1. If you average over every viewing direction, what projected area does the convex hull of the Cα atoms of the range A:93-213 give, in nm²?
2. Give the accessible area for B:Ser30 in Å² (nearest 10); use a 1.4 Å probe, count only protein heavy atoms, and leave out ligands, DNA and RNA.
3. Taking the Cβ of B:Leu73 as the centre, find all other residues whose Cβ is under 10 Å away and add up their charges (Lys, Arg: +1; Asp, Glu: -1).
4. Using heavy-atom solvent-accessible surface (probe 1.4 Å) with all chains present, what is the largest-first order of A:Met38, B:Met1?
5. Under a 5 Å amide H to amide H cut-off, with H placed in plane at 1.01 Å, what residues pair with A:Ile320 once short-range neighbours are removed?
6. May I ask you to derive the relative contact order of chain A, considering only C-alpha pairs under 8 Å and at least 6 residues apart, and to give it as an integer percent?
7. Using θ = phi - 60° and the Karplus relation 6.51 cos²θ - 1.76 cosθ + 1.60, list the HN-Hα couplings for the range B:112-122 in order, rounded to whole Hz, with x at every Gly or Pro.
8. In terms of solvent-accessible area of protein heavy atoms at a 1.4 angstrom probe, what is the ranking of A:Val183, A:Val243, highest value first?
Amino acid sequence: MWYNPNMPRWLRRLNVLSECRALDWGLWQCPPFLYLVMGFITIIAMIATYFFSSRYFLDEPEIAALVVIAVTILLFILGNLIISGFNNIAEANRMKTEFVSIVSHQLRSPLSISKWTLGLLERQKGDGNFTSDLATSIYTLHDTNERMIRLVNMLLEASRIDAKTFALRPELFSLSEVAGGIVKNFERFAAASNVSLKFQTRPSLPQVRADRDKISMVIENLVDNAVKYGRGGGEVWVGVERVGDFLRLEVRDKGAGIPEEQQRHIFQKFFRADNAKNKETQGTGMGLYIAKEIIEASQGKIEFKSQERKGSTFWFTLPIKQT
Amino acid sequence: MKKILFIEDESALQRAVASVLKEEGFEVSSALDGEIGIRLAKERKPDLVLLDLVLPKKDGFEVLKELKENPELKDIPVIILSNLEKSDEVGKALELGATTYLVKTNYQLNEVVEKIKGTLEK
């Protein structure tokens, strides 16, 4: 049966069988299908009742009534099947979110041990204890560890956004300070990808009130994308400035860009543009989806412009804390 | 010398944090579970407590509660160091009287030290 994920939603719904298959539901557990069956039975039963009653049961209305009752009971049973189908789905969803929560916490334990033990090691480098080979190995371990930490954060975030248990903990902080710190952390990765990374901001910008960890995640995502999909020898520019009542953070790259016909999907979950997939096999397609949810929940806006083979500019704004 | 009490069951983390804090001139006590944590808090009266949430014997929330209910200990600032996701647990921890909540994987060692120094200066 023809089924195209790009079809408008209402049209997709009419094609119930394919929708059930696409969502991995057994037909008799698939609420849309059961609903359709219920609808057909209702209509047929009403028409049949009318014909039979007006023709055969004029003298025996009790039989007509019995038929109506029997059909009603059948509909009730079907309705119950539908409801329990929905309940199973809700339960599976809840378990999925809890599972992700537990696994993320378990994963974070060894990741924090690596992170801080490496931190200890790095503190010793000032004494000239390290050969440059050793230093490189330690930096590689550090960066790889950070990558894993970011992945776990994204996994957790995406599952929370899905389950709508996503909550922000706003605090006052300096956007340029956080951005500057992140850019510094990406310098090695950028150098290894042959991309030059620049950060620009003004002093004494006002603070914003937002969830610092989540906004950091967004910035890391944008910078990671810019460097990953940048072409060798290119430049990535990150800037923070004030625009009216907002602070605006912009990430500009001269990389692969996003093909025009794929641009409207860019913030969708799991979406990766074709040229991105060709360039870099790793990538979850979740980063921009999460970024959009976080920024919009923080009363900001996130936008981009891009030209294939020329580059992309992504930016977001956050309201300034009015004192 | 300021005294810090670190309540955390993962000994590798104890080692890393204690090493850095001692370099920075702090005196560090380590507790590997909630009960030892409370005992050491009463004995040593630290200037600041670093508290994990998932602990054997008594979990971090119980420890926090007991610290804040003890008139001698309630004014000691408590920084939560946990890997449980912020949104769930922060509210609860802050309501119980914690000063700050840091997710361990999101902070470098030296950033944690900065937070400690910042809290002690207030």
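1. The Cα convex hull of the range A:93-213, projected and averaged over all directions, gives 10.0 nm².
2. 60 Å²
3. With Lys, Arg at +1 and Asp, Glu at -1, the net is 0.
4. Sorted descending by solvent-accessible area, the residues read B:Met1, A:Met38.
5. Answer set, sorted by chain and number: A:Phe246, A:Leu247.
6. 12 percent
7. 5, 4, 4, 4, 4, 4, x, 5, 6, 6, 6
8. So, going from the largest accessible area down, we get A:Val243, A:Val183.
The values are calculated or read from the model by the stated rules, or taken from the named source; none is laboratory data. Just so you know, these numbers come straight off a predicted model, no measurement behind them. Cβ atoms come from the backbone with ideal geometry, glycine included; neighbour counts cover every protein chain shown. Each accessible area value is taken on the protein alone, full model and side chains, heavy atoms only, with ligands, DNA and RNA left out. Shrake-Rupley method; radii C 1.70, N 1.55, O 1.52, S 1.80 Å.
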